[in-house]
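Everything on this sheet refers to the single structure shown next.
The values are calculated or read from the model by the stated rules, or taken from the named source; none is laboratory data. In this text the structure is predicted, and so the values were computed from the model without any measurement. Cβ sites come from the backbone with ideal geometry, for glycine too, and all protein chains shown count toward neighbours. The protein model used for the area step is the full one, side chains on, heavy atoms only, and it has no ligands, DNA or RNA in it. Shrake-Rupley method; radii C 1.70, N 1.55, O 1.52, S 1.80 Å.
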Amino acid sequence: MGTLSYENTPDVRIHPTTNTTQSEMSVAVNPLNPNIVLVSANTTNYPTNQIYGTGWYLSTDGGSTWIGSDIPPTGFNHGDPATAIGRNGYLYIGFIAADYGQGIMRSTDNGQTWEYFTVAEGGWLLDKNHLHIDNSETSPFGGRLYSGWTDFRVSSSYPVEISYSSDYGETWSTPDTISKGLSGYLHQGVNIRTGPNGEVYAVWSVYLTWPDVERKIGFNRSLNGGESWESPRTIIENIKGIRTSSLGPYGIRANSFPSMAVDLSNGPHRGRIYVVWTNQGYPGTNVGDPDIYLIYSDDQGEIWSLPIRVNQDSEGNGAYQWFPWITVDNLTGIVYVVFYDGRNHIGTNMAEVWVAKSIDGGQTFEDFPVSDIAFSVGPLPGFWGNYNGDYIGIAALGSRVYPVWNAQVPDANSQAWTSPFTEVSVTLLWPNAPSIVVEEADTYAIRYNGDALAGIQNVEAYFSYDGGQTWPDTIGHHPYYGPSYPTHVENDTIVWIVTQHPTRHGRVKAVLYGNVNQTAVDISDYDITVRLVTPGNFSASINSTLNRVTLTWQDRSNYEECYIIEKKTVSGWQLKDTVHDTTYSEYVGRYRDHWYRLYGYDEPTDIHSDSIYSWTTSSPILDTTQYGHVYGTTGCNLIKMGDVFICCVFTT
């Protein structure tokens, strides 16, 4: 059980225009720098009579400011964007090519220039594509790209095909048909992810006839980097998706394509595969309004969990949730799902964007709105088939989370939006315990068994500081730090505010009054877990002349006694220094990457914050007009001169 504690930000309009449209969003975050994020969208002119293809938008400051263009830098394409960023910093966007095949564009210099590469020749439609890169540090296929699509040239089954590239997208393998042998009329909406050891997973929707809704989810895997695939299988059947040309009160086309994520963190759920989709009621029963459901597997896709409902509004309330996309923060292991949500505007065409979060491996979720305002949803003017995009996206790293969506705000031309947020603190508690966190370094928030606490009229909270042997008679009084404000109910959360310094030691017993039976409920003897507020705006910069790295960050708590700085080495994270300021510098060796993590620490009470991360490199940046382009890696720098790559090992 966990409690949400995050720092939200205002909605950001990624690339404001009045004469273009942006829809169908994809997002990726740099695996070594959570402040670098790439977004792509389908783009057209407005009023709409010309398709541009896939626009690109890049932020290097955590989503505050953006560069980019609605015009594809490598020329016209048919859209369906899918983004990826490699560990070397290369940016990739996949799409339906101009000849209706598959292509990608790649930037090796943070969007300054782009190159086009063919993935698969067209002639007819290769549609509903996805692109993924293997960024696992423990994968033997690290850096390998995977592209998948539905081949509409094969009308007997409309199969899913996948190809891979081992040279940064320049050349691609002969496509494998990975859905062959799985019954179904149409296989569409492929989604690709990779596991900790380079396992390749693919899921897609299966339609048994046409027209129809999604009836099962297909799955296949490769354990040798995509060189061969196993026989496809069904991981859940007897589902009922929402495939339609007119969804509910919104009148838009919609689908239940699955989205997948794999936990690459070092947490307890490392390697877990998550799949989400929209279903009409509980899967198998298939009666009710559209909700988001999740299944997971801990054994590379052999056995799957029962479906878990992700959105937390009342079941059967008539609200529509659709277009889910899932991601895992590969540093914290937290699961995030973004989706459109109409719970607050049932029966109208208004909706919001919500995110659901799980800190226990998808067993339970809490959800919250991320769009600042509700907006009307309907077919985009000038588009065929009631189109309003076919998916949205989310990415996360190091507690920085980027949901992205399109909305007709502020005008009728659809625009790309994001609302990045940062986890302030994360508290993990065992099941059935009240969840207790410090939300602003001095506020204890208690949520009893995750239930809404509306109707609770009074709370008595007693705190023991000798392991529960004795309980003081004074409500909410700390024997050393002094009295507190009385506990109270605030936004369905029980709050106890400590006026002085918080402590992590002790046990809590809360007595709740004002429930349905007007009797007391005793929540006894649960450990309190406290975290300091995480420092903010952690960044690393390099002075290449002096070979000096400077770290800076923001103090967001009154209680840190010091900051602990650690640096990643070949043997793991090593203590670098303990400082009392909000800046730190050190001289570093040349031609290598430098990866740091930081957390606040208060020694008297032994409280610390969650860690945040930053990265920089001292690899050289050569004049590409004279020397070619440098692709920095640890120990070897690949210099591209024309079509030749040279591995140079620099010495000092």
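Structure summary
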| read-out | value |
| --- | --- |
| Criterion: outside any strand (DSSP E or B) and touching a Pro at 6+ places or on another chain (Cβ under 8 Å) - qualifying residue of ASN311, ASN317, ASN330 | ASN330 |
| From VAL377, VAL370, residue being touching a helix residue (DSSP H, G or I) at 6+ places or on another chain (Cβ under 6 Å) and under 26 Å from VAL335 (Cβ atoms) | VAL377 |
| Given (1) modelled with pLDDT of 95 or more; (2) touching a Phe, Trp or Tyr at 6+ places or on another chain (Cβ under 8 Å); (3) open to solvent by 20 Å² or more (accessible area, probe 1.4 Å), index of the condition GLY53 fails | (3) |
| Output for segment 293-310, where each listed residue is open to solvent by 10 Å² or more (accessible area, probe 1.4 Å) and among the β-branched types (Val, Ile, Thr) | ILE303, ILE308 |
| Members of segment 132-152 that are farther than 20 Å from ARG272 by Cα and either touching a residue at least 60 places away in the same chain (Cβ under 8 Å) or hydroxyl-bearing (Ser, Thr, Tyr) (or both) | ARG144, LEU145, SER147, THR150 |
| Selected residue (criterion: most open to solvent (accessible area, probe 1.4 Å)) from residues of segment 71-109 that are closer than 17 Å to PRO31 by Cβ and over 21 Å from the mean Cα position of the chain (by Cα) | THR108 |
| Which listed residue is under 28 Å from ARG592 (Cα atoms) and open to solvent by less than 30 Å² (accessible area, probe 1.4 Å), from ALA41, ALA28 | ALA28 |
| Cβ-Cβ under 7 Å pairs, at least 6 apart or on other chains, segment 297-321 side under 17 Å from THR348 (Cα atoms), far side open to solvent by less than 60 Å² (accessible area, probe 1.4 Å) and among the aromatic types (Phe, Trp, Tyr) | GLN321/PHE339; GLN321/TYR340 |
| Extreme residue, farthest from ARG13 (Cα to Cα), among residues of segment 378-396 that are crowded, with 24+ Cβ neighbours inside 10 Å and among the aliphatic types (A, V, I, L, M) | ALA396 |
| From the options LEU598, LEU575, residue that is at pLDDT 75 or above and either in contact with a Pro (Cβ under 7 Å, 6 or more places away or on another chain) or over 25 Å from GLU423 (Cβ atoms) (or both) | LEU598 |
| Count - residues of segment 374-387 that are in a loop (DSSP other than H, G, I, E, B), of a type in the set (A, V, I, L, M, F, W, C) and modelled with pLDDT of 95 or more | 4 |
| Residue match in segment 401-414 (condition: at pLDDT below 95, charged (D, E, K, R) and not in a loop (DSSP other than H, G, I, E, B)) | no |
| Residue in segment 1-16 that is in contact with a helix residue (DSSP H, G or I) (Cβ under 8 Å, 6 or more places away or on another chain), buried (at least 18 other Cβ atoms within 10 Å of the Cβ) and not acidic (Asp, Glu) present | yes |
| Hits in segment 194-231 - residues which are within 21 Å of GLY284 (Cβ to Cβ) and of a type outside the set (Val, Ile, Thr) | TRP204, SER205, TYR207, LEU208, ASP212, GLU214, ARG215, LYS216, GLY218, PHE219 |
| Those residues of segment 6-24 which are closer than 25 Å to ILE359 by Cβ and assigned to a strand (DSSP E or B), in sequence order | TYR6, GLU7 |
| Filter result (outside any loop (DSSP other than H, G, I, E, B), open to solvent by less than 30 Å² (accessible area, probe 1.4 Å) and in contact (Cβ under 8 Å) with a residue 40 or more places away in the chain) within segment 263-292 | ILE273, TYR274, VAL275, VAL276, TRP277, THR278, ASN279, PRO290, ILE292 |
| Close pairs from segment 374-399: first free of Cβ contacts under 8 Å to residues at least 40 places away in the same chain, partner surrounded by fewer than 18 Cβ atoms within 10 Å (Cβ to Cβ) and not in a loop (DSSP other than H, G, I, E, B), Cβ under 6 Å, at least 6 apart | ALA374/MET350; SER376/MET350 |
| Test result for GLY122, more than 18 Å from GLN22 (Cβ to Cβ) and buried (at least 23 other Cβ atoms within 10 Å of the Cβ) | no |
| Top-ranked residue in segment 331-369 [being among the hydrophobic types (A, V, I, L, M, F, W, C) and more than 22 Å from ASN255 (Cα to Cα); ranked as most open to solvent (accessible area, probe 1.4 Å)] | LEU331 |
| Filtered residues of segment 169-202 (kept if assigned to a strand (DSSP E or B), among the aliphatic types (A, V, I, L, M) and within 22 Å of GLY241 (Cβ to Cβ)) | LEU186, VAL190, ILE192, ALA202 |
| Residue list for segment 134-163, filter: open to solvent by less than 10 Å² (accessible area, probe 1.4 Å) and part of a strand (DSSP E or B) | LEU145, TYR146, SER147, GLY148, TRP149, THR150, ASP151, VAL160, ILE162, SER163 |
| Per-region count, segment 575-593, residues open to solvent by less than 80 Å² (accessible area, probe 1.4 Å), without any contact (Cβ under 8 Å) to a residue 60 or more places away in the chain and not in a loop (DSSP other than H, G, I, E, B) | 7 |
